[in-house]
1. According to a simple spin-label model (label point 7 Å from Cα along Cα-to-Cβ), what is the distance in nm between residue B:156 and residue B:27?
2. When a footprinting reagent is the concern and you count Cβ atoms within 10 Å, what order do B:246, A:152 take, fewest first?
3. Quote the Stokes-Einstein diffusion coefficient, in whole µm² s⁻¹, for segment B:110-266, based on the Kirkwood radius over alpha carbon pairs, a temperature of 25 °C and a viscosity of 0.890 mPa s.
4. Given label points at 7 Å from Cα along Cα→Cβ, what nm distances, shortest first, separate residue A:9 from the same residue in every other copy?
5. How large is the Kirkwood hydrodynamic radius of segment A:161-218, counting all unique pairs of alpha carbons, in Å?
6. Taking the Cα centre of each part, how many Å lie between segment B:113-146 and segment A:174-252?
7. Which of B:8, A:220, B:109 comes first, and how do the rest follow, when ranked by fewest Cβ neighbours within 10 Å?
8. For helix A:250-266, what angle does its Cα long axis make with the longest principal axis of chain A, in degrees from 0 to 90 and rounded to 10?
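Every read-out reported here was derived from the displayed coordinates using simple, explicitly stated rules and does not represent laboratory data. All of these numbers come straight from a predicted model, not from anything done at the bench. Positions of Cβ are generated from backbone atoms using ideal geometry, with glycine treated the same way; all protein chains shown enter the neighbour counts.
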């Protein structure tokens, strides 16, 4: 750990790491970057093994970073120290925290999911913004959704901004990348009712029984759900819209409904 | 409207407009930019007067833009056509929609607010990310919050990304920029109970009576609420957190609680 740090931003390894911001590069190498104290800590706690950790004490914000490095090393990660500038070159946060982990991508399939007796899932279709997908993962973790099924993905799960916005819960929230037809099949096979928020629905989401096996299905930011989902949906519902707008941000609508699932399921 | 368009990106007017991305420039001139079809349409519908509209048909996405231009002109806006590149220079969206409005900033004070008999407000403290403030405004509109009180603002209301994320509801949702002490005073004077989400609270937000006059108070992304608010808070509550994380995204937590207010108030 006290080896000479890599200080040059032209170092080939630094250049190769900076390229991981590109999806094609990540997918080709089958790896991704996790940046920051909280996501890396959560990943390690979840038993995730980083192949490499790059660190730069000049950027550390707290005093517990050394423990993170020790834990990662114990779990088999190779540690490499970078100079301040070289670290900034590979970081994607505006204010880097001096910790970046490189680990292998993984893939969870629908068949991998272990469902409870009364499943509660979140399904998203063609989400475009990494920040929204990350926030939805965070809401899934908070509300105890058993899995997030990402259909016809536009943003990839291993986009650094998904990892960041998820604050590391992606390491524990089972997330499946698939297509809509497979997801619809899966829900039917497992008798999980699909609930879709659409302004045209008559029933309020709060008037529907959410204690039954249910999947909240949400569409893309720009276009909402496609007809594929709207036509196959078991429970069309609407959220009350009191103002001038006819829709909410997709992650806001998701969390509002997800917490209604929690409320109904926890009610005495 | 059929004058020669401004095509040079070096045109002094184009350069001056591009500068409006900077807060200091906006504040000095007392103006701000609204970009895109939906926010501009909503602004006009709300009776907002743009001083100027810049447009570039090369970027138009739909076929109703001419009507927006006509409406804006009727309401007194001066229309200026820009070339494709010149427009891209002043736009802040990745995919511009060919419409940008320049209008005067306004300021709503606590005394300006017209409260109902049982007010429902949203208060945010030191929010940092424009996207979060915009999303909270959108949730306020959807849930019928009477006003949003922004305390100790880090991001300014007229930041282009707040305007964008709010999808134009900022033109109809009364929003007050003030300091925490004034907001706390205001709530006390009007007997509005402050509800703060904090992991340390015993009571669930769903177990509290939200039909009473209430203000949801949310802290900053990084630090949560300061002691000023936590100590003065009438109703400390918590959201169930089922997973590994101990907090939600601030706009997610806000909308979850706001929709519980709606649910309780609409319940028979």
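1. Distance between the two pseudo-spin positions: 0.6 nm.
2. So the residues, fewest neighbours to most, are B:246, A:152.
3. 160 µm²/s
4. 2.2
5. Its Kirkwood hydrodynamic radius stands at 13.8 Å.
6. Rounded to whole Å, the Cα centres lie 25 Å apart.
7. So the ranking, lowest neighbour count to highest, is B:109, B:8, A:220.
8. For A:250-266 against chain A, the angle is about 70 degrees.
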